[in-house]
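The values are calculated or read from the model by the stated rules, or taken from the named source; none is laboratory data. What you see is a predicted model; the values in this text were computed from it and never measured. Counting neighbours? That spans all protein chains shown, and the Cβs are built from the backbone with ideal geometry, glycine included.
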Amino acid sequence: MFGIVILAVYAVMMIGVTLMFTRKATDAEGFHVADRRVGSAIAAMSIAATWIWAPSLFTSSEMAYTRGIPGMFWFTVPNVLCLILFIPFAKRIRAQYPEGITLTGYMAERYHSGKVKGVYSFQLGALAVLSTAVQLLAGGKTLALITGLPFWSMTLALAAIAYSYSRFSGLKASIITDVVQLGIILMGGALLVVLSLRMTGGFDTVRAGLGAVSGEYTSLTSSTGIEVLLGYGLPMAVGLISGPFGDQCFWQRAFAIRRDRIGRSFFAGALLFALVPICMGTVGFLAAGSGFVASDTGMVNFEFVSSLLPTWVLVPFLFMIISGLLSTVDSNLCAAASLTTDWLGIGKDTVQTSRRTMLCLLIVAIAIANIPGLTVTYLFLFYGTLRASTLLPTVMTLLGKKLTGKGVFAGVLTALCVGLPIFAYGNLAGIPAVKAAGSLTTVLSSGLVAVIASRKAVRA
């Protein structure tokens, strides 16, 4: 009953905020890019909240608990760096395509290619689905533990809440709820860290846990540190640094933020985001340093907090978790909806189709989240690699490199058909070197094949 009440209160709060501060969107410009008038402060909070997703809340604690300093380093640094690296490219796309809505639209316009539009639509759409599935998987697990209700029903409830306010005004609803959600996340994270430090011996316990629960992961350059680099660090860094570049959520915000505020918005968003994995990582170190034995390392922060702290602390913790997950889900819904403009154009009918697209995405994501044996970390690493499939062709296009539509299509298709299967096999077989090879193949093959195929096309 406790968890159900929390969900109900949260749903009412988000719907209330949406109705209070936004109007129902009837035109595509308002629904998809918030009339291109988003200010820097609100934009920074929205960027941070969107980037705070299941891995930020759960994987950061898991990495600190199981892989110590190397795990936290390879999770946190690329996560922050990617948003900063994205800034000049966000500015470029806005300058080159000022009335745009999607990355797909920009790439299709540059190359006048239906194949380019198709492969980018597939990549961006698949990413939105898988990202949403991760959030529902993590949130459903947490709520099922608390309520005792079936896992599938919790994924359905979370999806319904996100859809209820996202469909009202699109990106405007996503951004305004992001601001509230970020406030909840930061206050909840600070509270958890302070209380956990008091209950476990303070920073001495943190220091004791820096080597993970096994005590073996104390250095980036040790044998165990290299193991983390190959098995998690490299795939994670590739996926995370590619993150904004292969994610329509962030291109959509580049088109929505006031043109002169893009740089400061993304930089401030990166700094705000950094606070969350630091807080959650600290909880993971405290769990390791105190000798806590987690039954599910992917949920170590929840298990640790629920066993250590008073029951009432679960309330802000749950609000924090739900906010972090749904801030990304609603952004994914808006991102997927915006892709409809690439195929249907911009008009009133597009808005209704966009709402139906949101619903279809949620249905598929719920189905994926309920696949038996699927873990947050596995799915996170997989779609992180999926993001990398469009990184180099996108960057080279924005920088003005001479590519052709056939070259870009061939590059992205090669990355999807060759790099992703290699990575998936390495993940399933548990072979770190193969996982690293799959990540590198995905990101490098897209660029190399695009350049080679473009040159051949020009010669022909």
| query | Is it the case that residue 316 is of a type outside the set (Phe, Trp, Tyr), modelled with pLDDT under 90 and either part of a helix (DSSP H, G or I) or over 27 Å from residue 174 (Cβ atoms) (or both)? | reply | yes
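Could you pull out the residue among 327, 290, 323, 338 that is closer than 30 Å to residue 110 by Cβ and among the hydroxyl-bearing types (Ser, Thr, Tyr)?
Result of the check over 327, 290, 323, 338: 338.
If you go through segment 245-256 one residue at a time, do you hit one that is more than 27 Å from residue 82 (Cβ to Cβ), in a helix (DSSP H, G or I), of a type in the set (A, V, I, L, M, F, W, C) and in contact with a Leu (Cβ under 7 Å, 6 or more places away or on another chain)?
Our first condition is that a residue be more than 27 Å from residue 82 (Cβ to Cβ); within segment 245-256, this holds for none.
Checked segment 245-256: no residue is more than 27 Å from residue 82 (Cβ to Cβ), in a helix (DSSP H, G or I), of a type in the set (A, V, I, L, M, F, W, C) and in contact with a Leu (Cβ under 7 Å, 6 or more places away or on another chain).
Per-residue answers, yes or no, for (1) within 27 Å of residue 430 (Cα to Cα); (2) within 20 Å of the chain's Cα centre (by Cα); (3) surrounded by 24 or more Cβ atoms within 10 Å (Cβ to Cβ):
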{"site": "331", "(1), (2), (3)": "no, yes, yes"}
{"site": "334", "(1), (2), (3)": "no, yes, yes"}
{"site": "343", "(1), (2), (3)": "no, no, no"}
{"site": "353", "(1), (2), (3)": "no, no, no"}
{"site": "357", "(1), (2), (3)": "no, yes, no"}
{"site": "362", "(1), (2), (3)": "no, yes, yes"}
{"site": "384", "(1), (2), (3)": "yes, yes, yes"}
| request: Evaluate segment 148-166: report whether one residue or more is under 18 Å from the mean Cα position of the chain (by Cα), surrounded by fewer than 24 Cβ atoms within 10 Å (Cβ to Cβ) and either in contact (Cβ under 8 Å) with a residue 40 or more places away in the chain or under 30 Å from residue 20 (Cβ atoms) (or both). | output: yes
| field | Those helices (runs of 4 or more DSSP H) lying entirely in segment 168-235 with at least 3 residues modelled with pLDDT of 90 or more | value | 171-200, 203-208
| Since residue 385 meets every condition but one in (1) of a type in the set (Val, Ile, Thr); (2) without any contact (Cβ under 8 Å) to a residue 12 or more places away in the chain; (3) closer than 18 Å to residue 134 by Cα, which condition does it not meet? | (2)
| Are there any pairs, at least 6 apart or on different chains, whose C-beta atoms fall under 8 Å, with the first in segment 4-25 and among the aliphatic types (A, V, I, L, M) and the second surrounded by 14 or more Cβ atoms within 10 Å (Cβ to Cβ) and not in a helix (DSSP H, G or I), and if so, which? | 4/149; 25/170
| query | Pairs under 6 Å by beta carbon, first residue surrounded by fewer than 18 Cβ atoms within 10 Å (Cβ to Cβ) in segment 428-447, partner part of a helix (DSSP H, G or I), six or more apart or different chains? | reply | 433/230
